[in-house]
Amino acid sequence: MKDLKVAWTARTGDTIRPGEDKGGTDAGHEFNFENTPIKVGDTLSVCTGHSWVVAFDAATGQKKWSFDPKADTEADVYLACRGVAYYEAPPGTQTGCPRRIIAPVLDARLMALNADTGKPCEDFGQHGFVSLTQYLGHVPAGFHFVTSPPLVIKDRVMLGGWVYDNQAEGEPSGAVRAFDPLSGKLIWAWDVGHDPQNWTPGPGDQLTRGTPNAWGVYTADPDLGLVYLPMGNATPDYFGGHRRPIDEKVSSSTVALDIETGAPKWVYQNTHHDVWDMDVPTGPSLVDLPDRQGGSVPALVQTTKRGEFFVLDRRTGAPLTDVREKPVPQGAVPGDFTSPTQPYSVGMPSLAPKDLTEPSMWGATPFDQLMCRIEFRKAYYKGQFTPTQREDTIVYPAFDGVIDWHGASIDPYNKRLIRRTHGQGVVEGTPSGRRTG
């Protein structure tokens with residue numbers, strides 16, 4: 001590590017625009033570069049806060065091409081793109097665009113670009129673009145967009161979307177959709193409000209409004225043919241009194257779907273009746289763990305905003321380490337309720353912070369700390385899962401959580417999981433439950 005040197009630096013050319021500065025404009029935009037690049041051959045591809053896609057020479061950093069889709073982001077409160085995907089057509093496919101970068105556009109579009117030239121693939125959708133508002137009914141400006149890279153596997157392009165939090169009930173559907181990577185045609189939609197849940201809507205059809213969405217990065221097991229979705233909760237995030245059984249079942253869960261058909265295979269929920277915005281922000285990390293017969297079990301480790309790690313059999317969703325339902329604080333605003341218990345992954349180390357106390361309060365001066373302690377004593381707080389009953393309710397950890405959309409990395413040989421937490425440094429542990437660092 002001590003011998004590492006900077007090989008090159010490069011700039012995308014995309015910059016913040018007037019009125020978009022983070023922290024208090026009328027537009028309320030947040031402009032961020034949160035991208036994880038992908039490398040295919042000798043090319044490194046990234047995307048930017050205004051949905052540009054830029055390709056660099058991986059060895060030198062020299063820019064190869066850049067494409068600006070001219071996204072209309074005026075109504076978007078969040079300007080970020082976390083990555084793009086790559087698709088290569090099978091040999092013999094009749095297309096002038098065999099190698100493609102497939103990327104989201106913040107004004108609710110999906111685009112396919114020629115990976116060699118950066119120009120739109122004309123045979124994908126309408127001249128390289130597919131509208132993601134189709135089948136969603138009325139979509140107010142800024143109420144649906146995609147920040148995460150689509151998952152491309154087994155000739156499917158799968159993605160959900162970000163739905164504007166806490167604005168209203170009955171917002172656009174959170175359905176997850178799969179598209180053909182060559183034509184852009186919709187192959188299936190997973191819609192929890194439809195029977196069957198996996199279907200292909202036709203002209204005039206609309207996907208069920210207000211359902212939980214899966215806005216983070218997905219992961220998949222191609223051998224099992226399953227994609228694993230990190231599920232959010234139905235809006236509004238902090239009131240669940242009007243949620244339907246279909247919402248309650250998949251909210252704040254990991255859901256496994258058949259990649260080719262979209263058929264649901266299993267659901268594992270890690271927060272019941274979530275009214276704290278503890279949605280699952282990223283897909284699980286996959287690892288094969290030893291079993292007691294000398295073989296291995298295909299497993300996944302689902303990180304959570306709560307700081308809990310749930311280790312599941314990725315074939316069935318059954319827990320592989322102990323999970324215990326524990327009583328949590330009760331009480332809710334009129335018309336709502338709270339779950340009497342919540343699942344805790346007691347077989348794994350927990351990164352959940354300790355409950356707040358007066359000594360937890362911080363201040364720049366002793367007077368500031370005293371005032372903070374006074375405010376803390378006046379506030380409503382019963383520890384983790386405190387229900388929001390008053391304006392001065394303290395929710396901790398809050399909606400940004402302990403582990404957010406960054407997820408975790410696993411060393412499959414040493415069976416070690418490494419995760420950076422919000423404000424708590426780097427934590428290392430093993431999926432078998434032993435803390436190693």
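Residues of the stretch 141-167 that are outside any loop (DSSP other than H, G, I, E, B) and either free of Cβ contacts under 8 Å to residues at least 40 places away in the same chain or among the hydrophobic types (A, V, I, L, M, F, W, C) (or both): 144, 145, 151, 152, 153, 157, 158, 159, 162, 163. Go through the stretch 357-371 residue by residue and tally those that are out of contact with any helix residue (DSSP H, G or I) (no Cβ under 7 Å at 6 or more places or on another chain) and either within 30 Å of residue 319 (Cα to Cα) or buried (at least 16 other Cβ atoms within 10 Å of the Cβ) (or both). Within the stretch 357-371, residues that are out of contact with any helix residue (DSSP H, G or I) (no Cβ under 7 Å at 6 or more places or on another chain) and either within 30 Å of residue 319 (Cα to Cα) or buried (at least 16 other Cβ atoms within 10 Å of the Cβ) (or both) number 0.
Answer yes or no as to whether residue 407 is within 29 Å of residue 288 (Cα to Cα), open to solvent by less than 20 Å² (accessible area, probe 1.4 Å) and either at pLDDT below 80 or not charged (D, E, K, R) (or both). When the stated conditions are applied, residue 407 passes them. Taken as a whole, the structure places residue 181 among residues that are open to solvent by less than 10 Å² (accessible area, probe 1.4 Å), under 26 Å from residue 127 (Cβ atoms) and in a loop (DSSP other than H, G, I, E, B). Taken as a whole, the stretch 103-114 holds at least one residue that is under 24 Å from residue 44 (Cα atoms), in contact (Cβ under 8 Å) with a residue 40 or more places away in the chain and more than 23 Å from the chain's Cα centre (by Cα). Selection of first residues in the stretch 53-79 that are modelled with pLDDT under 95 and of second residues that are part of a strand (DSSP E or B), restricted to Cβ pairs under 6 Å at least 6 apart or on distinct chains, gives the following pairs, ordered by first then second residue: 71/105; 73/79; 76/145; 78/30; 79/31.
When residue 203 is tested against (1) at pLDDT below 95; (2) under 21 Å from the mean Cα position of the chain (by Cα), only condition (2) is not met. Somewhere in the stretch 79-92, is a residue hydroxyl-bearing (Ser, Thr, Tyr) and farther than 23 Å from residue 221 by Cα? No, the stretch 79-92 has no match at all. Filtering the stretch 342-374 to residues that are hydroxyl-bearing (Ser, Thr, Tyr) and within 25 Å of the chain's Cα centre (by Cα) leaves 344, 345, 350. Of the residues making up the stretch 318-345, those that are open to solvent by 30 Å² or more (accessible area, probe 1.4 Å) and over 24 Å from residue 381 (Cβ atoms) are 318, 319, 320, 322, 323. Restricted to the stretch 232-281, and to residues there that are among the polar types (S, T, N, Q), assigned to a loop (DSSP other than H, G, I, E, B) and open to solvent by 10 Å² or more (accessible area, probe 1.4 Å), the residue that is nearest to residue 318 (Cα to Cα) is 261. The residues of the stretch 79-90 that are in contact with a strand residue (DSSP E or B) (Cβ under 7 Å, 6 or more places away or on another chain) and open to solvent by 40 Å² or more (accessible area, probe 1.4 Å), listed by number, are 86, 88.
Would you point out the residue of the stretch 255-308, among those that are free of Cβ contacts under 8 Å to residues at least 40 places away in the same chain and within 22 Å of residue 324 (Cα to Cα), that is farthest from the chain's Cα centre (by Cα)? Among residues in the stretch 255-308 that are free of Cβ contacts under 8 Å to residues at least 40 places away in the same chain and within 22 Å of residue 324 (Cα to Cα), the one farthest from the chain's Cα centre (by Cα) is 291. If we keep just the residues of the stretch 91-135 that are in contact with a strand residue (DSSP E or B) (Cβ under 9 Å, 6 or more places away or on another chain) and on the phi > 0 side of the Ramachandran plot, which is most open to solvent (accessible area, probe 1.4 Å)? The extreme case among them is 127. Restricted to strands (runs of 3 or more DSSP E) entirely inside the stretch 33-74, those with at least 2 residues that are over 10 Å from residue 103 (Cβ atoms) and open to solvent by less than 10 Å² (accessible area, probe 1.4 Å) are 53-57. Restricting to the stretch 286-317, and then to whatever is among the polar types (S, T, N, Q), open to solvent by less than 20 Å² (accessible area, probe 1.4 Å) and at pLDDT below 95, can you tell me which residue is farthest from residue 342 (Cα to Cα)? Step by step, filter the stretch 286-317, then rank; the result is 303.
The values are calculated or read from the model by the stated rules, or taken from the named source; none is laboratory data. These figures come from a predicted structure and were not determined experimentally. Note that each Cβ is placed from the backbone with ideal geometry, even for glycine, and that neighbours are counted across all protein chains shown. For the accessible areas, the whole protein counts, side chains as well, though only heavy atoms, and no ligand, DNA or RNA atoms are used. Shrake-Rupley method; radii C 1.70, N 1.55, O 1.52, S 1.80 Å.
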